[in-house]
Amino acid sequence: MRFVTAPGMPPIRHFQAAAEFTLNSDILKIIESDDLNAQDMRMLLDEAKRTGVPLDATTLEFAIRKKLEAMAQQFRAHPTEAQLLEALDSAVSVAQALPFPVQYWMVQNIYFDIMKNVSAKARSQTTEAAADSEKWLAIFRSLGEKLSIRVE
């Protein structure tokens, strides 16, 4: 595809259609996978940009939004699980790399709820788990910034 889209080459409709279908399908597979691989996603997004392949923003936005909402719900159910928080933070980073806007309102609402109920408890811990608590808070703040929520 890169050869076909080289400067001066006229676009070939069949190659363009095949590349569009393949890249969109591959991105959707990454979104729907258990482990949202940021490196693979960035590689595919770079390929789409480099070759001028349009992305199916409607389908991909819906898929990533539903993935983020499910991850946020899971985090809400187990808010002290740092692994779930890290995965959600990473997934939001991936969503922000997409070349179209993603609706975060449900994830923001869940985050705000957790911030009001759990974050205060984590801040007040002074036991041996303080180091884990600080790590959790750092990731939690990072996620809040990505979601455009001011964390106190």
So, in region 92-103, exactly how many residues are hydrophobic (A, V, I, L, M, F, W, C), more than 10 Å from Met41 (Cβ to Cβ) and under 8 Å from the mean Cα position of the chain (by Cα)?
1
Under 6 Å by Cβ, and 6 or more places apart or on different chains, what pairs join a residue from region 54-79 that is modelled with pLDDT of 95 or more with one that is outside any helix (DSSP H, G or I) and surrounded by 13 or more Cβ atoms within 10 Å (Cβ to Cβ)?
Glu61/Val102; Ile64/Val102; Arg65/Val102; Arg65/Gln103
Going by what's in this entry, would Ser33 be described as within 19 Å of Gly144 (Cα to Cα) and among the hydroxyl-bearing types (Ser, Thr, Tyr)?
no
Give Ala38, Ala72 a once-over and let me know the one that is touching a helix residue (DSSP H, G or I) at 6+ places or on another chain (Cβ under 7 Å) and assigned by TED's automatic domain parsing to the domain that holds Phe15.
Ala38
Consider Leu36 against the criteria (1) surrounded by 13 or more Cβ atoms within 10 Å (Cβ to Cβ); (2) of a type in the set (A, V, I, L, M, F, W, C); (3) assigned to a helix (DSSP H, G or I): it satisfies all of them except one. Which criterion is unmet?
(3)
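The values are calculated or read from the model by the stated rules, or taken from the named source; none is laboratory data. Just so it is clear, the structure is predicted and the values come from calculations on it, not from any experiment. Note that we place each Cβ from the backbone using ideal geometry, even for glycine, and neighbour counts take in every protein chain shown.
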